[in-house]
1. So, in the range B:192-226, how many residues would count as being closer than 26 Å to B:Gly173 by Cα and either of a type in the set (Gly, Ala, Ser) or in a loop (DSSP other than H, G, I, E, B) (or both)?
2. What's the total number of residues in the range A:119-136 that are assigned to a helix (DSSP H, G or I), within 11 Å of chain B (Cβ to nearest Cβ) and either within 30 Å of the chain's Cα centre (by Cα) or in contact (Cβ under 8 Å) with a residue 40 or more places away in the chain (or both)?
3. Identify all residues within the range B:74-116 that are more than 18 Å from A:Gly124 (Cα to Cα) and in a loop (DSSP other than H, G, I, E, B); write none if there are none.
4. Which ones in the range A:93-118 are among the hydroxyl-bearing types (Ser, Thr, Tyr) and part of a helix (DSSP H, G or I)?
5. So in the range B:45-73, with the set limited to residues that are assigned to a strand (DSSP E or B) and surrounded by fewer than 17 Cβ atoms within 10 Å (Cβ to Cβ), which one is nearest to the other protein chains (Cβ to nearest Cβ)?
6. Provide a single number: the residues in the range B:217-235 that are crowded, with 17+ Cβ neighbours inside 10 Å, under 13 Å from B:Pro35 (Cα atoms) and not aromatic (Phe, Trp, Tyr).
7. Out of B:Val31, B:Val103, B:Val82, I need the residue that is in contact with a helix residue (DSSP H, G or I) (Cβ under 6 Å, 6 or more places away or on another chain), under 29 Å from B:Ala218 (Cα atoms), within 14 Å of chain A (Cβ to nearest Cβ) and modelled with pLDDT of 95 or more. Which one?
8. What residue, among those in the range B:149-184 that are in contact with a Gly (Cβ under 7 Å, 6 or more places away or on another chain) and in a helix (DSSP H, G or I), is farthest from B:Ala119 (Cα to Cα)?
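The values are calculated or read from the model by the stated rules, or taken from the named source; none is laboratory data. Since the structure is predicted, the reported quantities are computational estimates derived from the model, not experimental observations. FYI the Cβ positions are ideal-geometry reconstructions off the backbone, even for glycines, and counts take in every protein chain you see.
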Amino acid sequence: MRDLIDTYGVYFLVGQYPRGPLGGLALTLLLAASALLLALPLGLALGVARLSGWRALRWPVTALVFVVRGTPLLMVIFWAYFFLPTLTGYKTSQFGTMLIALVVFDGVYLAEIVRAGILGLGKGQMEAARALGLSHLQALRRVVLPQALRHMLPSLVNQFVSTIKETSLGYIIGLSEVSFIATQINTEVFTKPVQVYLSLGFTYFALCFGLSRFAYWVEARGLRHAPPGVRA
Amino acid sequence: MIRFERVNKWYGSYQALVDIDETVATGEVVVVCGPSGSGKSTLVRTVNRLEPIQGGRIEIDGRDIHARGTDVNALRARIGFVFQQFNLFPHLTALQNCTLAPVQLGRMGAKEADELGRALLDRVGLAHKAGAYPAQLSGGQQQRVAIARALAQQPPLMLFDEPTSALDPEMVGEVLAVMRNLAKDGMTMICVSHEMGFAREVADRVLFMDAGRILERAPPAEFFLRPQHPRAQQFLADIRTPFAAG
């Protein structure tokens with residue numbers, strides 16, 4: 001195990017960087033973080049659109065949600081990989097492809113969490129805000145979402161943890177994220193698959209567990225600072 | 001000030017309002033009563049377009065408020081609405097509940113809104129609770145904050161939808177006292193309420209509704225002493241002897 005780490009540790013962490021492109025765990029982290037940061041606003045927008053009074057907005061978004069939710073992530077990745085270049089006319093990098101697929105896929109799931117959070121609040125809050133003369137968006141931003149987001153936090157974290165694990169599917173399109181690198185290492189070493197894949201498994205576990213703990217901490221902190229009566 | 005003209009409203013195939021014709025004058029206090037499901041909440045909710053109508057028109061100061069071109073947010077910003085369930089914003093303090101709309105709508109700066117909010121909380125007897133969150137207040141206090149929040153729009157018209165029905169009996173008085181003062185100050189008010197004492201003392205007119213129609217309209221003294229319509233007579237008999245069998 002020791003010589004495994006000595007020989008391949010850095011490769012596992014950063015891929016061929018700095019002599020080649022960034023890869024390994026660093027790339028996985030970069031991909032997961034970018035996907036989370038982009039999927040959340042998309043999920044908010046889609047979730048709000050799903051509840052819009054305008055059919056022209058609600059229907060296409062609802063269709064998108066149903067299509068993407070009824071499709072394996074692997075399929076979405078293939079679409080992004082094979083169709084996107086045909087549509088746009090130029091080839092997207094593997095990282096870009098994977099990022100687009102993750103953002104769309106997770107954005108759709110986040111949208112449903114957002115929708116549930118808003119509906120769970122009851123219509124009295126929206127009505128009271130509208131009765132004061134606030135616009136629909138003002139009411140969402142100032143009254144509904146600040147409360148709904150607190151209730152959504154556990155489900156959001158669930159989705160974020162999924163996103164981290166989903167980055168491993170980048171393997172399929174040859175993105176040199178940490179699973180891909182681990183497989184490369186295993187091919188080269190050949191005799192130590194148990195150690196290699198246990199290390200890989202532990203790495204994912206540490207990431208996801210870390211994020212969950214962080215979320216618990218945020219939640220607990222949020223509760224301590226939350227006004228009384230506003231509890232997730 | 002407000003004119004209902006043959007207003008009709010359906011929920012699907014159920015008709016909630018039937019040919020409502022009514023006028024409420026500036027400064028008038030009108031109490032709407034009637035059995036549950038009679039359409040009185042629906043009626044008051046059509047005045048600030050929380051409920052759309054399917055027929056007729058409602059005019060405020062001569063403007064058809066359900067017309068397509070009417071800016072609904074501008075309309076609502078000039079009408080105070082008080083809900084049965086208070087609907088205070090639980091993540092904001094009492095004062096922030098009052099200042100949210102005036103600031104967000106750009107009608108005044110934060111400082112000015114703050115002063116107005118404090119003055120209004122003082123007016124409903126809750127100056128000392130400005131920093132409290134709704135969950136820290138009793139039901140009666142929450143409803144008084146809700147009234148202050150509505151008054152922060154500096155509205156010429158206040159609508160009340162059963163403001164005391166969700167309150168414990170001992171808290172009804174404090175809310176009615178605030179409403180009584182508003183009426184005394186000349187506010188135009190439409191109150192859906194079962195508080196007959198309040199109606200008798202404060203209302204200029206009582207409207208009695210049943211099955212989506214206004215069946216009777218009369219000054220309170222007349223309404224309570226000599227109700228004309230049999231449904232109104234029955235209703236008054238029922239609420240006077242709440243424990244009678246049947």
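1. From the range B:192-226, those closer than 26 Å to B:Gly173 by Cα are B:192-209, B:217-225; that's our starting set.
Then keep just the ones that are either of a type in the set (Gly, Ala, Ser) or in a loop (DSSP other than H, G, I, E, B) (or both); that gives B:193-195, B:197, B:199, B:203-204, B:218-219, B:221.
Of the residues in the range B:192-226, 10 are closer than 26 Å to B:Gly173 by Cα and either of a type in the set (Gly, Ala, Ser) or in a loop (DSSP other than H, G, I, E, B) (or both).
2. Here is the first cut: in the range A:119-136, the ones assigned to a helix (DSSP H, G or I) are A:119-120, A:123-131, A:136.
Applying the additional criterion that residues be within 11 Å of chain B (Cβ to nearest Cβ) yields A:123-131, A:136.
After this cut, where a residue has to be either within 30 Å of the chain's Cα centre (by Cα) or in contact (Cβ under 8 Å) with a residue 40 or more places away in the chain (or both) as well, the list is A:123, A:125-126, A:136.
So the answer is 4.
3. B:Arg78, B:Leu105, B:Gly106, B:Arg107, B:Met108, B:Gly109
4. Initially, the range A:93-118 is screened for residues among the hydroxyl-bearing types (Ser, Thr, Tyr), giving A:93, A:97, A:109.
Once the filter is applied, which keeps residues that are among the hydroxyl-bearing types (Ser, Thr, Tyr) and part of a helix (DSSP H, G or I), the range A:93-118 yields A:Thr97, A:Tyr109.
5. Of everything passing the filter in the range B:45-73, B:Arg63 is nearest to the other protein chains (Cβ to nearest Cβ).
6. Total satisfying the criteria: 2.
7. Details: B:Val31 fails: within 14 Å of chain A (Cβ to nearest Cβ); B:Val103 fails: under 29 Å from B:Ala218 (Cα atoms).
The unique qualifying residue is B:Val82.
8. By that ranking, first place goes to B:Met171.
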